[in-house]
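A short write-up of the structure that comes next.
We did not get these values from a lab; they are worked out from the coordinates using the rules stated. Nothing here was measured: the structure is a model prediction, and the numbers come from that model. A quick note on method: Cβ atoms are made from the backbone with ideal geometry, for glycine too, and the neighbour counts reach across all protein chains shown.
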């Protein structure tokens, strides 16, 4: 199932991330998208949405999937 375009569904974030990926000079589109989201919704709301997204990913793929994603983001993998 695709990501929902409702607030907190991850679809808006993914769409923005894709748009930013095509722009020159942006090395980490996910980081830029997160920064824009924090400015728009505030740190608390973004943290809440991120936690819900991680919960959904964990239910879908299991706990090891989110751990490997964190390691990839940190450059450990």
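Taking 0.36 nm per residue of sequence separation and subtracting the Cα-Cα distance, how much length would be gained by fully extending the chain between residue 36 and residue 61, in nm to one decimal? It would help to have the intermediate numbers written out before the result.
On the way: separation 25, 0.36 × 25 = 9.00 nm, distance 2.75 nm.
6.2 nm is the gain from fully extending residue 36 to residue 61.
Figure the gain on full extension for residue 14 and residue 50 (residue separation times 0.36 nm, minus the Cα-Cα span) and round it to one decimal in nm.
Values: separation 36, 0.36 × 36 = 12.96 nm, distance 1.25 nm.
Residue separation times 0.36 nm, minus the Cα-Cα distance, leaves 11.7 nm.
Hey, for a label at residue 71 modelled as a point 7 Å past Cα toward Cβ, could you say which residues of region 24-54 have their backbone N under 20 Å away?
Label zone hits: 54.
Expressed as a rounded percentage, what relative contact order does region 11-74 have, with Cα pairs under 8 Å and six or more residues apart? Please report the intermediate quantities before stating the final value.
Numbers: 26 pairs, mean separation 10.7, N = 64.
It rounds to 17 percent for region 11-74.
Write down Rg/Rh for region 11-74, rounded to two decimals, with Rg from the C-alpha atoms and Rh from the Kirkwood relation over Cα pairs.
Checking Rg against Rh, the ratio lands at 1.00.
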